[in-house]
1. Using θ = phi - 60° and the Karplus curve 6.51 cos²θ - 1.76 cosθ + 1.60, what whole-Hz ³J(HN,Hα) does each residue of region 79-86 get, with Gly and Pro shown as x?
2. For the full complex of protein chains and a 1.4 angstrom probe, list 116, 17 by accessible area with the highest value first.
3. Which percent of the accessible heavy-atom area of region 62-124 goes to carbon and sulfur, probe 1.4 angstrom?
4. Which entries of 38/111; 18/135; 2/38 have Cα-Cα distances beyond 27 Å here?
5. In degrees from 0 to 90, rounded to the nearest 10, what is the angle of the helix 33-43 Cα long axis to the longest principal axis of the chain?
6. Report P(r) for the chain: all Cα-Cα distances, bin width 10 Å, range 0 to the bin holding the largest distance, values in whole percent.
7. Would you be so kind as to identify which of 62, 34, 3 lies farthest towards the positive end of the dipole of the chain, taking Lys and Arg as +1 and Asp and Glu as -1 on Cβ and the Cα centre as origin?
8. Considering only protein heavy atoms, what per residue accessible area in square angstrom results for the chain with a 1.4 angstrom probe?
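The values are calculated or read from the model by the stated rules, or taken from the named source; none is laboratory data. Everything numeric here is computed off the predicted structure, so don't read it as measured data. Neighbour counts run over all protein chains shown; Cβ positions are idealised from the backbone, glycine included. Heavy atoms of the whole protein, side chains included, go into the accessibility calculation; ligands, DNA and RNA do not. Shrake-Rupley method; radii C 1.70, N 1.55, O 1.52, S 1.80 Å.
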Amino acid sequence: MKSLPIYKVDAFTSHLFKGNPAAVCPLEAWLPDNLMQKIAAENNLSETAFVVPRGNEFELRWFTPVAEIPLCGHATLASAYVMFEYLTYHQNTITFHSMSGALMVRREGKKFVLDFPGETPQQIESSDSIEDALK
């Protein structure tokens, strides 16, 4: 098997061994899901992000050690960091397409700003277990 680059990035910090770690694996094309799951399990971090080019934009997927998840903020920022700092992406904004829709990360000097999707709040019925949890 061909070797794959994997970057470990500590998000939300500028210090080693601080922040929230994520692995980032840039790919030329998607690997089989079961292989990406095994790579994430081997990394044993809360998330491993896999990035595939789509023209001037990218597709992005996240795996925990046990399952694929629909959205992960710190691994999105880690992916943008790898693209900007190591893979020399030259635009100021990068767009990732994910299960949660388009996510944009803008570079502002040494900082990154993530445009996270919003959800409309919805009213839910109260239950005894919810009320007990809030006591």
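1. For region 79-86, the Karplus curve yields 5, 4, 4, 4, 5, 6, 8, 10 Hz.
2. The most accessible residue leads, giving 17, 116.
3. The C+S portion of the solvent-accessible surface of region 62-124 is 53 percent.
4. Over 27 Å Cα-Cα: 38/111; 18/135.
5. Taking the Cα atoms of the chain, the angle to 33-43 is about 90 degrees.
6. Reading upward from the zero bin: 11, 40, 29, 14, 6, 1.
7. Highest projection toward the positive end goes to 3.
8. Ligands and nucleic acids excluded, the result is 65 Å² per residue.
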